[in-house]
Amino acid sequence: MKLSKRVKSLEESITLVITAKAKEMKANGIDVISLSAGEPDFDTPKAIKDAAIYAMNHGGSKYTAVTGTPEVLKAIQTKLKKENNLEYKTNQILTNVGAKHSLFNITQALIDSGDEVIIPAPYWVTYPQIVLYAGGKPIILKTDESTNFKITPEQLKNAITPKTKLLMLNSPSNPTGAIYSKAELEAIGEILKGTNIMIASDEIYEKVNFTGKFVATASISQDLFKRTITINGLSKCGAMPGWRFGYMASANDDLIKACKALSSQSTSNICSITQAGAIPSLLGETDGDIEMMRLEYQKRRDWAVKAISEIDGLSVTNPPDGAFYLFINCKKVDPDSLRFCQRMLQEANVATVPGVGFGMDGYFRASYATDLDSIKKAVSRIADFVKNY
Ligand code: PMP
Ligand code: GLU
């Protein structure tokens, strides 16, 4: 048997690999603390579960339309209008098996061999992989702490070529927590004006936001509305990662049609029960739960940023504005982030993700989507580990 050339170079998600490794060590009796998983430690809010149970007991077990039920599409439309000032028609919205699936379909639908996709680094691990899988060429734009890991308009301008097809934007960012301001998005919009470049705006951490300044990329201008594909989901903010609920919206009808065809020939509709469960959350019934989680993340962030900064050799220059990760500079201890994280897992039994997986060595990512007691224990282990490194 010979695997396809296409799939042979596809790597597994390093975040999922490390999370699985930590679980395996735990199952073998090792006292591992995992700061690797990018998933909320909170349970799914009750209103979501109740709606799903209701659907299960009232005939919700059938196939639905590939794009989603009329009710869920309407609920997404209402959410995007009310919270993001975006006016999409329901036939411009598609539900997917998580935002990851939306991003996968988008790259498959847009990219031809040799097309260039601009990806700011550090990036979420999946972006370059799905671009490569589609035959595209990731053009990585390295950022640094001086701009809080955000690309500058100048950098973007210099990266554009006739082959540029797509820009991947992720705000709030995984792994840095940086949020692009309205002015920064406007500046990006100015650079792209007059080009055919599309933007995939991954807004999945929208509500894990400590500054209150999140702005949806597509809401900035009519031009940006047309070129932006809005991607969101409820894995993070709705605390339902295992339910697999993501969605995309675009004013480009051809793109929607292509992504619909991709789903139609691969997944069909997403889980019907998940769709029913998502509706109350999209319509604001879980806002109280979301706010409770946000405040708890903020408390953990504040504690962890201070505690990590007190460890000689580690630093967090820019406390994250959103999401639930610290992107920690470990260059003074070991610039090789893979070696550093592997040793930390083996010697201190703390699982984190090396920055190299996000396209930036010399850093590692620690998730604070875990309870504060575990975070405190983990930070104390990290402090001892670094002292003896
Ligand atoms: N985008 C980013 C930046 C993420 O961190 C994640 C979480 N893995 C996703 C998209 C995909 O999330 P999901 O497929 O669970 O909706
Ligand atoms: N997005 C999460 C993370 O970055 C989940 C892992 C994944 O989907 O790859 O940890």
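Tally the residues that are in contact with a Pro (Cβ under 7 Å, 6 or more places away or on another chain) and either in a helix (DSSP H, G or I) or more than 30 Å from residue 366 (Cα to Cα) (or both), restricting the search to segment 33-68.
Count: 3.
Output yes when any residue across segment 11-23 is open to solvent by 40 Å² or more (accessible area, probe 1.4 Å), at positive phi and either more than 15 Å from ligand 1 (Cβ to nearest atom) or in contact with a Gly (Cβ under 9 Å, 6 or more places away or on another chain) (or both), and no when none is. Let's see the steps before the verdict.
Looking only at segment 11-23, we keep the residues that are open to solvent by 40 Å² or more (accessible area, probe 1.4 Å), and these are 11-12, 14, 16-17, 20-21, 23.
Among the residues that remain, those that are also at positive phi are: none.
No, segment 11-23 contains no residue that is open to solvent by 40 Å² or more (accessible area, probe 1.4 Å), at positive phi and either more than 15 Å from ligand 1 (Cβ to nearest atom) or in contact with a Gly (Cβ under 9 Å, 6 or more places away or on another chain) (or both).
On the given criteria, is residue 365 outside any helix (DSSP H, G or I) and in contact (Cβ under 8 Å) with a residue 40 or more places away in the chain? Lay out the reasoning, then the answer.
Working: outside any helix (DSSP H, G or I): yes; in contact (Cβ under 8 Å) with a residue 40 or more places away in the chain: yes.
So residue 365 passes the test.
Of the conditions (1) within 16 Å of ligand 2 (Cβ to nearest atom); (2) open to solvent by 10 Å² or more (accessible area, probe 1.4 Å); (3) assigned to a helix (DSSP H, G or I); (4) touching a Pro at 6+ places or on another chain (Cβ under 9 Å), residue 104 satisfies every one except a single condition; which number is it?
With respect to (1) within 16 Å of ligand 2 (Cβ to nearest atom); (2) open to solvent by 10 Å² or more (accessible area, probe 1.4 Å); (3) assigned to a helix (DSSP H, G or I); (4) touching a Pro at 6+ places or on another chain (Cβ under 9 Å), residue 104 is out only on (4).
Can you report the number of residues in segment 172-227 which are of a type in the set (Gly, Ala, Ser), in contact (Cβ under 8 Å) with a residue 60 or more places away in the chain and either away from ligand 2 (no atom under 16 Å from the Cβ) or not in a loop (DSSP other than H, G, I, E, B) (or both)?
Total meeting the criteria: 4.
Scan 83, 87, 154, 71 and give me the residue that is assigned to a loop (DSSP other than H, G, I, E, B) and open to solvent by 30 Å² or more (accessible area, probe 1.4 Å).
On the way: 83 fails: assigned to a loop (DSSP other than H, G, I, E, B); 154 fails: assigned to a loop (DSSP other than H, G, I, E, B); 71 fails: assigned to a loop (DSSP other than H, G, I, E, B).
Going through 83, 87, 154, 71 in turn, the sole match is 87.
Scan segment 229-243 residue by residue and report those that are aliphatic (A, V, I, L, M) and either open to solvent by less than 10 Å² (accessible area, probe 1.4 Å) or more than 9 Å from ligand 1 (Cβ to nearest atom) (or both).
Residues satisfying the conditions are 229, 231, 239, 240.
Just to be sure before I move on: is residue 294 of a type in the set (Lys, Arg), closer than 18 Å to residue 42 by Cβ, modelled with pLDDT of 95 or more and in contact with a helix residue (DSSP H, G or I) (Cβ under 7 Å, 6 or more places away or on another chain) in the structure I sent? Steps first, please.
Details: of a type in the set (Lys, Arg): yes; closer than 18 Å to residue 42 by Cβ: yes; modelled with pLDDT of 95 or more: yes; in contact with a helix residue (DSSP H, G or I) (Cβ under 7 Å, 6 or more places away or on another chain): no.
Here the answer is no, as residue 294 does not meet what is asked.
Would you confirm whether any residue within segment 148-165 is at pLDDT below 95 and within 16 Å of ligand 1 (Cβ to nearest atom)?
Within segment 148-165, none of the residues are at pLDDT below 95 and within 16 Å of ligand 1 (Cβ to nearest atom).
The values are calculated or read from the model by the stated rules, or taken from the named source; none is laboratory data. Since the model is a prediction, treat every value here as computed from it, not as a measurement. Note that we place each Cβ from the backbone using ideal geometry, even for glycine, and neighbour counts take in every protein chain shown. Ligands, DNA and RNA are excluded from the accessible area calculation, which covers all protein heavy atoms including side chains. Shrake-Rupley method; radii C 1.70, N 1.55, O 1.52, S 1.80 Å.
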